[in-house]
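Worksheet: the structure to be examined is printed underneath.
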Amino acid sequence: MLELQKSYNPEGIEKKWYEYWVSKGYFKPDPDSLGDTYCIVIPPPNITGSLHMGHALNITLQDILCRWRRMSGDKVLWLPGTDHAGIATQNVVEKQLTAEGLDRYKLGRDAFLKRVWKWKAEYGGKIIHQLKRLGASCDWSRERFTLDEGLSKAVIEVFVRLYEEGLIYRDNRLINWCPRCHTALSDLEVEHEELEGKLYYIKYPIEGNELNEKNSSLRYITVATTRPETMLGDTAVAVHPDDSRYKDFIGKTVALPLTRRKIPVISDTAVDSSFGTGALKVTPAHDFNDEAMAKRQSPALEFITVIGKDGRMREDAGNRYAGLDRYDCRKLVLKDLKEQGLIEKEHGYTHAIGHCYRCKTVIEPLLTLQWYVNVKPLAKEAVRVVKEGVIRVIPKSWENTYFAWMENIRDWCISRQIWWGHRIPAWYCQSCRAVEQQSNRSTRQQFKEEITTGLKQGGVIVSREAPEKCPYCGSTELVQDEDVLDTWFSSALWPFSTLGWPDKTNDLKTFYPTSVLVTGFDIIFFWVARMIMMGLKFMGDVPFRDVYIHALVRDVKGQKMSKSKGNVVDPLTMMKRYGTDAFRFTLAAFAAQGRDIKFSEERVEGYRHFVNKLWNAARFIMMNSEFGKGVWQYAPTRDFSLLTSYLSLPSRWILSRLAATADDMNRALEEYRFNDAANSIYQFIWHEFCDWYIEMAKSELVTSENVKWCLLYTLETSLRLLHPFMPYVTEEVWQKIRDQGSRLKAQSIMVSDYPKSMPRDYQAEEEMSCIMEAVLGIRSIRGELNIPPSLELNVSIKTLSDSTDKILRENLQYVKRLAKAAEIEIGRNVRKIEGSAVSVKSSVEVYLPLKGLLNIDAEIDRLKKDRTRIEESIAFLNKRLLNEDFLQRAPEEVVEKEKTRYDELVRKRERIVDSIKKLKEVEVKE
RNA sequence: GGGCGGAUAGCUCAGUUGGGAGAGCGCAGCCCUUACAAGGCUGAGGUCACAGGUUCGAGACCUGUUCCGCCUACCA
């Protein structure tokens, strides 16, 4: 006899099977498989990362898909890897340096990079290790890193080609600058947050109007601003051309307060007359709107940069302010203006302020020279493939978000002033560069001309390999661009760079385009859109057929999990506490809920119970299957179409339900309805298989060999259905079945076949529903009258059709067993006896004639005895609760407990009295 | 400012072409019926946010309102 523990304990089991799978090479695509190829590339987690709920969900869903497709016969590749996470990783290492009293500049570029690689070697593999604990069936032999050699080659290739096509260019314009990370950021890397600020109204004196004493309002133009310190860089005041208040001032000049610099009053239709005073200060070097306006004007306005890369004021801000932090400067400027009486008023104002997505520092728009990708032509194609359905977005509603962004996409700033990343493959000739520096480029248009004409040949060399000398002037004084590329640049190439591109590898040929991308909606723009653009551009085909967008995992209250809020649920803790299977199943069951998943630990606990239920069902079946003989000998026939003639009704029924479940699951998984698939198998195993079938099978075990086969067959098939969701427990049980002389051919459940296309037996399902109704009818009467299960009942069942009558007669043993009935009278003409309890169902009516079938006198006696005992207890408690001495001396909670017990007893007494009354009425009626 | 999503049992949420209001947890009652008390059985509990409309019929479709949440944006 097989011995199994009474409850499932995942400890040890998970590790054992994971190592087994790896050692057998099951995670690698089977070269002999004739099936379709199925490929997923993992969204590479950052090497700085530690497994969080988002990863857990993401990985679980991908693993479910991969295991399902693999079992279904596909040639499956799930390609893993990690992302170098430029700014994030650099920040981590810089923090270490700070703690040691160092910084990266003191260390120097090479030493610093060495240090980061060392950090990566030490900590960068942590997250991969954690993914393995989740059971991820990735092909680890193909693991990649965004900075490894092959991927770097791909990055350079893409950069050079885009440059050669004029899609990558360099420009001097305003960008989002993080003064703390000391780098440019793309628009996407700026997080906008609504913050309470102040709107200040500053009076700018109008030149030539000093003498207009009578009308002091005409001596000033008042502008409104939230950032007074930027006024030091103002180069105009703008008003709407149709604004009658200011019409006369257009073309005049005002004297900028504090500096006395003369700036013009200009007109621009972008000015909103109804906001503030209707007059706008223009600071082209520190505001995106103003920059655009400055470039629109003819002649273009001057750019004066007053804030530096470190967030401190530059010399151009004037001696008094130079060197101050931008916020200190704001205070001083306000103080100075107030002293001069130039602040008209101020009031509270809430507006969105941009922050660095890595360090939360307020970003500063700065005029700098950066590299850009002109993404508009790429975006056009990327929109088309989604519109035409070449890429399917699931759920479809995300398409609108995607289109909205893609259709208004702006050029992508890809250079970063950090060291950790792919260095830009551009070199500058020091002697040609003189030309570049002489040219005063303040507008993009000018630069465009330069790059296409003179300057491109005058200093910039973009090349796959480091050039030895300048191709234009022959100088060997070449300096490589100091900057690295945006991390997302390499991520964008991930689906093909990981498969070997730009080389024409076998993997690339076999697995591109990949089947599906599984990811969260937070990186649709950062990553998904860019992969589509790059895939189309360089592979000539989409990077994936489907995009499945899953929800974000939040805490129970719906808040984002974050360390600072202290509401983080650690997946590793969940796995340790409840087992990986229960945890994975929970995530899958949550998966199709809206945009958010509010994670609750109780659900995990519930699914742990499910694991245990399955375990015990398996235990029962194995205990009753006489393994030694080889269980499959009980198979009634090899021809499944003949099953009906061999099997009992419940067995036919469960096989049909099993078929329905398999159908459900395959369909649900096709459509990425993970929660439906999870619920389907849960419902089947617990409520159909365990609650009904196993209970019914118990009555057949002694007499029938077929039922043993059916139990085992259903269990084994259910395990295969469940395996993608709960890989470990299913393997453990499956192997136990396999060990016991079964005819299972596969060596592991993960390489066995996924169940599908099994025949339904609708007749059996219909017939079973009659049996179930009869059982439910009896149970329900029993429940309502509080008749203990130990008491066997004699009931009458009126059948409402001839077929029902026949079915019930043939299967009476099951009804008797499940409803604990001794005698059952069945018939089309059964009459309800006066005083019977009744339960009406659609195919049967169940009567429980209380008189005669129950020994009412004995029952009443029993109840009376109970009543007496309870009354004694009540009397005792009553006395105690009225005892002053007790009330004073006993602790409060004890008193409370006694009171509660007292109340309970009183209620119980009432119920017993009721029951007695009811039973007596039956007697009287008779 | 624009867009999206949500409002269903005490709690967390399903509800896929319009016809039965559901699950898990919690709660109440009866049971340790030898696979499982991490269990079994039976129940209680809902004006499906509000107001209109389409329809024989609306939780689902349309319009409006209220309250939440999110994304996005160059009103200083």
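The values are calculated or read from the model by the stated rules, or taken from the named source; none is laboratory data. The structure presented is a predicted model; accordingly, all values stated were derived computationally and were not measured. So basically every Cβ, Gly included, is an ideal-geometry build from the backbone, and we count neighbours across all protein chains shown. SASA here: full protein model, heavy atoms, side chains in, ligands and nucleic acids out. Shrake-Rupley method; radii C 1.70, N 1.55, O 1.52, S 1.80 Å.
I'd like to check something: does segment A:325-334 contain any residue that is among the hydrophobic types (A, V, I, L, M, F, W, C), touching a strand residue (DSSP E or B) at 6+ places or on another chain (Cβ under 6 Å) and either in contact (Cβ under 8 Å) with a residue 12 or more places away in the chain or on the phi > 0 side of the Ramachandran plot (or both)? Yes: one or more hits. As a summary of the residue check, A:Glu823 satisfies the conditions (1) modelled with pLDDT of 90 or more; (2) surrounded by fewer than 20 Cβ atoms within 10 Å (Cβ to Cβ) except for the one numbered (1). Screening the candidates A:Gly579, A:Gly606, A:Gly630 for the property of being of a type in the set (Gly, Ala, Ser), within 10 Å of RNA strand B (Cβ to nearest atom) and either on the phi > 0 side of the Ramachandran plot or at pLDDT below 80 (or both) yields one hit, A:Gly579.
Among the residues of this structure, A:Glu364 counts as one that is more than 13 Å from RNA strand B (Cβ to nearest atom), among the acidic types (Asp, Glu), open to solvent by less than 70 Å² (accessible area, probe 1.4 Å) and touching a residue at least 12 places away in the same chain (Cβ under 8 Å). Within segment A:718-756, being under 20 Å from A:Val22 (Cβ atoms), open to solvent by 50 Å² or more (accessible area, probe 1.4 Å) and not in a helix (DSSP H, G or I) holds for one residue alone: A:Gln747.
Identification of strands (runs of 3 or more DSSP E) wholly contained in segment A:246-359 with 1 or more residues that are open to solvent by less than 80 Å² (accessible area, probe 1.4 Å), among the charged types (D, E, K, R) and over 30 Å from A:Cys181 (Cβ atoms) yields A:343-356. If you filter segment A:680-703 down to residues that are buried (at least 17 other Cβ atoms within 10 Å of the Cβ) and charged (D, E, K, R), you find that the one that is farthest from RNA strand B (Cβ to nearest atom) is A:Glu700. Residue pairs whose Cβ atoms lie under 7 Å apart, sitting 6 or more positions apart in sequence or on different chains, and linking a residue in segment A:219-239 that is of a type in the set (D, E, K, R) to a partner that is buried (at least 23 other Cβ atoms within 10 Å of the Cβ), are A:Glu229/A:Cys329; A:Glu229/A:Val333; A:Asp234/A:Lys281; A:Asp234/A:Val282; A:Asp234/A:Thr283.
Does segment A:374-390 hold any residues that are in contact (Cβ under 8 Å) with a residue 60 or more places away in the chain and open to solvent by 60 Å² or more (accessible area, probe 1.4 Å), and which are they? Once the filter is applied, which keeps residues that are in contact (Cβ under 8 Å) with a residue 60 or more places away in the chain and open to solvent by 60 Å² or more (accessible area, probe 1.4 Å), segment A:374-390 yields A:Pro377, A:Glu381. Being under 28 Å from A:Leu65 (Cα atoms), among the aliphatic types (A, V, I, L, M) and out of contact with any Cys (no Cβ under 8 Å at 6 or more places or on another chain): is that true of A:Leu744 here? Yes.
No other residue among A:Arg115, A:Arg142, A:Arg180 is over 31 Å from the mean Cα position of the chain (by Cα) and basic (Lys, Arg) apart from A:Arg115. Could you check, for segment A:403-416, whether at least one of its residues is β-branched (Val, Ile, Thr), surrounded by 14 or more Cβ atoms within 10 Å (Cβ to Cβ) and either touching a Cys at 6+ places or on another chain (Cβ under 8 Å) or at pLDDT 90 or above (or both)? Yes, that holds for at least one residue.
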